[in-house]
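Can you keep this structure in mind? I'll have questions shortly.
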Amino acid sequence: MIRDTAFAQSMRKAIRISVALAGAVVMISAATDVARGTEPPAMQAAEREVIPGAEHLTTAEREDYRRRMAAAATPDEKAKIRAEYAKVADKSVSPPALVGDPARGANVHTACFSCHGIERYVAPVTYAMAGFFDSVLRASGLSDLPPAEPTRFKGRIASFQALRDAVSRRNDYLNPKLTPQEFEDVIAYLNATYYKFPQQ
């Protein structure tokens, strides 16, 4: 009885050692294949070529690509098919240019009043009156001085690009920030209402 138990334990130990050795041989063989650059046929069959723009294609379109690639006889034909799909992928990835809408921008612009009022865009009455009197004096011939450049109001924003930059800087203070469409809408509203710069 004791001899049978000892024999069974020896057999279990021998089986464990055999399984461990077989596993080690398989792992060493796989590592050697990978180092040499050859992989088992099962792994090679599982790999597929990445289709350009595959995330924008339907299943049928991806299958059509694979069928066309399998039917292509030369590497040049395959390269031409790849280039065709890459061209379509580039067009689908680039977003359309956003166009600002002043009406939507007026609604979004109300958030700007949490920090400042309309005085950021128009001169206060005192500046307007001074400008009016300067104009009257020049028109009457009593003054030949050129009109003074505004130093505080409207003087900082001298172009459409400067307006975009100013709105972009203010957007950094907002939480949450304006979406790209809202950003374009606010710029369109400010330009149509106050600045009237030619759009570039």
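Just so it is clear, none of the values below were taken in a lab; they were calculated from the coordinates. Just so we're clear, the structure is a prediction, and the values are computed from it rather than from any experiment. Quick reminder, even Gly has a Cβ in these numbers, built from the backbone with ideal geometry, and neighbours come from all protein chains shown.
Taking 0.36 nm per residue of sequence separation and subtracting the Cα-Cα distance, how much length would be gained by fully extending the chain between TYR195 and ALA20, in nm to one decimal? Could the numbers behind the result be given before it?
Details: separation 175, 0.36 × 175 = 63.00 nm, distance 7.96 nm.
Gain on stretching TYR195 to ALA20: 55.0 nm.
Moving on. Taking 7 Å along the Cα-to-C-beta vector as the label spot, tell me the THR110-LYS13 distance in nanometres, rounded to one decimal.
If labels sit at THR110 and LYS13, their model points lie 8.5 nm apart.
On to the next question. Within 10 Å, count the other beta carbons around each residue, average over each peptide in 53-64, 185-196, and list them highest first.
On the way: 53-64: 12.3, 185-196: 19.2.
Sorting 53-64, 185-196 by mean packing, highest first, produces 185-196, 53-64.
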